[in-house]
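What follows is a single structure, written as structure tokens, with notes after it.
The values are calculated or read from the model by the stated rules, or taken from the named source; none is laboratory data. Remember, predicted model here, so these are calculated numbers, not experimental data. A quick note on method: Cβ atoms are made from the backbone with ideal geometry, for glycine too, and the neighbour counts reach across all protein chains shown. When the accessible area is computed, the model is the full protein with side chains, heavy atoms only, and any ligands, DNA or RNA have been set aside. Shrake-Rupley method; radii C 1.70, N 1.55, O 1.52, S 1.80 Å.
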Amino acid sequence: MALTDTLHIKATDVCETRVEAVMPITPDLYQPHGYLHGGATIALLETVASIGTEQNTDFDSERPFGIDVHVRHRKSGKNGVLRGVAELDRQEPSTAGGIKQYWNVVAYDEDGDVVSDGVIMTKIVPLARLAQKEQERAAAR
């Protein structure tokens with residue numbers, strides 16, 4: 001079972017530059033004090049950015065990875081549905097090969113208030129680069 005299944009995350013709108021998904025806030029996702037755990041919110045936001053990156057990945061020759069997460073929590077939650085949105089801000093070549101993508105991410109509660117927001121960086125890496133890195137690691141052992 002994938003983390004998205006455990007958290008009941010469902011994509012509702014998907015394209016190459018914008019992704020939306022929803023996640024119900026349930027007691028299973030609470031931190032010890034009875035509010036939504038920030039890690040669950042971050043999982044929702046990383047999921048929408050990752051889905052967006054997947055839309056830009058040629059799986060015959062590339063793989064997507066999440067590489068950096070910067071998220072601020074602004075409001076707590078106890079119930080309802082959280083809506084995560086990722087919008088592609090920009091992409092640029094990576095010096096190590098591949099493409100870096102910067103996704104602006106926001107989680108909204110049912111009132112439309114921002115619960116958390118930030119930027120998630122992903123990277124699309126050519127399979128040839130992954131094979132090269134594996135060979136370098138093997139040689140270093």
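Of everything in the range 105-117, what is surrounded by fewer than 17 Cβ atoms within 10 Å (Cβ to Cβ) and part of a strand (DSSP E or B)? Give them in sequence order.
Taking the range 105-117 and keeping what is surrounded by fewer than 17 Cβ atoms within 10 Å (Cβ to Cβ), we get 110-114.
Of everything in the range 105-117, just one residue is surrounded by fewer than 17 Cβ atoms within 10 Å (Cβ to Cβ) and part of a strand (DSSP E or B), namely V114.
Only one residue in R72, R90 is loosely packed, with under 14 Cβ neighbours inside 10 Å and under 15 Å from E16 (Cα atoms), so which one is that?
After applying the criteria, what remains is R90.
Can you pull out every residue in the range 24-35 that is of a type outside the set (S, T, N, Q) and either modelled with pLDDT under 95 or out of contact with any Asp or Glu (no Cβ under 9 Å at 6 or more places or on another chain) (or both)? Break it down into steps so the answer makes sense when it comes.
Step one: filter the range 24-35 for residues of a type outside the set (S, T, N, Q), giving 24-25, 27-30, 32-35.
Matches in the range 24-35: P24, P27, D28, L29, Y30, P32, H33, G34, Y35.
Write out, first by first residue and then by second, each pair whose Cβ atoms fall under 7 Å of each other, whose residues are 6+ apart or on separate chains, and whose first residue, in the range 104-133, is in contact (Cβ under 8 Å) with a residue 60 or more places away in the chain while the second is open to solvent by 50 Å² or more (accessible area, probe 1.4 Å) and in a helix (DSSP H, G or I).
That search, which allows pairs on different chains as well, returns I120/E46.
Please work out which residue is farthest from the chain's Cα centre (by Cα), limiting yourself to the range 16-42 and to residues that are among the small types (G, A, S) and under 20 Å from V119 (Cα atoms).
Residues of the range 16-42 that are among the small types (G, A, S), as a first pass: 21, 34, 38-40.
From what is left, the residues that are under 20 Å from V119 (Cα atoms) are 21, 38-40.
Values: A21: 11, G38: 14, G39: 12, A40: 11 Å.
By that ranking, first place goes to G38.
Output the number of residues of the range 118-141 satisfying the condition of being open to solvent by less than 50 Å² (accessible area, probe 1.4 Å) and of a type outside the set (A, V, I, L, M, F, W, C).
4
Can you find a residue that is in a helix (DSSP H, G or I), of a type outside the set (S, T, Y), under 19 Å from G118 (Cβ atoms) and at pLDDT 95 or above anywhere in the range 7-15? Spell out the reasoning first.
From the range 7-15, those in a helix (DSSP H, G or I) are none; that's our starting set.
Checked the range 7-15: no residue is in a helix (DSSP H, G or I), of a type outside the set (S, T, Y), under 19 Å from G118 (Cβ atoms) and at pLDDT 95 or above.
Return the only residue of F59, F65 being in a loop (DSSP other than H, G, I, E, B), at pLDDT 95 or above and among the aromatic types (F, W, Y).
None of the other options fit; the residue is F59.
Among the residues of the range 43-59, which ones are over 8 Å from the mean Cα position of the chain (by Cα) and either more than 12 Å from L88 (Cα to Cα) or not polar (S, T, N, Q) (or both)?
If we filter the range 43-59 for residues that are over 8 Å from the mean Cα position of the chain (by Cα), which is where we start, we get 52-59.
Of everything in the range 43-59, those that are over 8 Å from the mean Cα position of the chain (by Cα) and either more than 12 Å from L88 (Cα to Cα) or not polar (S, T, N, Q) (or both) turn out to be G52, E54, T57, D58, F59.
Within the range 1-23, restricting attention to residues that are touching an Asp or Glu at 6+ places or on another chain (Cβ under 8 Å) and among the polar types (S, T, N, Q), which residue is surrounded by the most Cβ atoms within 10 Å (Cβ to Cβ)?
Filtering first and then ranking leaves T17.
Regarding I42, is this residue among the hydrophobic types (A, V, I, L, M, F, W, C), touching a residue at least 60 places away in the same chain (Cβ under 8 Å) and open to solvent by less than 80 Å² (accessible area, probe 1.4 Å)? Quick ask: steps written out before the conclusion?
Numbers: among the hydrophobic types (A, V, I, L, M, F, W, C): yes; touching a residue at least 60 places away in the same chain (Cβ under 8 Å): yes; open to solvent by less than 80 Å² (accessible area, probe 1.4 Å): yes.
It is true that I42 is among the hydrophobic types (A, V, I, L, M, F, W, C), touching a residue at least 60 places away in the same chain (Cβ under 8 Å) and open to solvent by less than 80 Å² (accessible area, probe 1.4 Å).
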